[in-house]
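Q: Here you go, one structure.
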Amino acid sequence: MPERVLILDDEEDFAAYAAAALKPDGHEIRVVTESVKIPTAIEEFEPTVLMLDIVMPEPDGIEVVSWLAKTNFPGRVILMSGYGGKYVEVTSKIAEVKGLRLTETLTKPIAPATLRQAVAGD
């Protein structure tokens, strides 16, 4: 089923790569590369899935997770990081404790098929 996917990643090349990987599945996709723009992007686009990079300039992924929880974001959240390990673990625990619908954690580099599976919920 097609989703409304918002990709938040400060690495423009990776964001474009992820969008291109998901496009063949018919998803509606929007990319944001500056985390300060996430409130406006969510309000305007109303995503069903948010793919969120963790390590970014202010606000970082942990701060975005906290904001999402405060605003009762109803969509699914997929966390991504090129740093892996503790970054992903800590942020995923925060997301779960705050009640977000965390469905996947991914460590970069991420294969296109893995991105598609994560969005599909497989």
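The values are calculated or read from the model by the stated rules, or taken from the named source; none is laboratory data. Please read these numbers as outputs of a predicted model, since none were measured by experiment. Heads up, the Cβs are rebuilt from the backbone with ideal geometry, glycines too, and the neighbour counts pull from every protein chain shown. Areas reflect the complete protein model, heavy atoms only, side chains present, ligands, DNA and RNA absent. Shrake-Rupley method; radii C 1.70, N 1.55, O 1.52, S 1.80 Å.
Q: List the chymotrypsin sites (Phe, Trp or Tyr not before Pro) within the range 17-122 that DSSP assigns to loop and that have no more than 14 neighbouring Cβ atoms inside 10 Å. Each step should come with its number before you reach the end.
A: Values: sites: Tyr17, Phe45, Trp67, Tyr83, Tyr87; in loops: Tyr83.
Passing sites in the range 17-122 are Tyr83.
Q: So, one more: Starting from the amide H of Val31, placed 1.01 Å from N in the peptide plane, find each other amide H under 5 Å away whose residue is 5 or more places distant or on another chain.
A: Ile7
Q: Give me the number: length gained by fully extending Ala113 to Glu58, i.e. 0.36 nm times residue separation minus the C-alpha to C-alpha distance, one decimal in nm.
A: Contour length minus the Cα-Cα distance gives 16.8 nm.
Q: With every protein chain left in place and a probe of 1.4 Å, what is the accessible surface of Lys86, to the nearest 10 Å²?
A: Accessible area of Lys86: about 140 Å².
Q: May I pose another question? What aspartates and glutamates could a cross-link reach from Lys37, if we take a straight Cα to Cα line under 16 Å and drop same-chain neighbours fewer than 8 places away?
A: The qualifying aspartates and glutamates are Asp9, Asp10, Glu11, Glu12, Glu46, Asp53, Glu58, Asp60, Glu63.
Q: Quick check: at a probe of 1.4 Å, how many percent of the accessible area of the range 22-96 sits on carbon and sulfur atoms?
A: Result for the range 22-96: 52 percent of the exposed heavy-atom area is carbon or sulfur.
Q: Just need the relative contact order of the chain here, percent rounded to a whole number, with Cα pairs under 8 Å and 6+ apart. Let's see the in-between values first.
A: On the way: 218 pairs, mean separation 30.5, N = 122.
Relative contact order comes out at 25 percent.
Q: Excluding ligands, DNA and RNA, what is the solvent-accessible area per residue of the chain at a probe of 1.4 Å, expressed in Å²?
A: Working: 6370 Å² over 122 residues.
With the other protein chains kept in place, the chain gives 52 Å² per residue.
Q: Further question: Give, in whole angstrom and from largest to smallest, the semi-axes √(5λ) of the equivalent ellipsoid of the range 3-122, with λ running over the eigenvalues of the Cα gyration tensor. Please list the in-between numbers first.
A: Values: eigenvalues 69, 51, 40 Å².
So the equivalent ellipsoid measures 19, 16, 14 Å along its semi-axes.
Q: Before rounding to the nearest 500, sum -39500 (n - 2.57) across all DSSP H runs of length at least 4 in the chain and divide by the residue total; then give [θ] at 222 nm in deg cm²/dmol. Before the final figure, lay out each step's value.
A: Details: 5 runs with 51 residues, N = 122.
Mean residue ellipticity at 222 nm (helix-derived): -12500 deg cm²/dmol.
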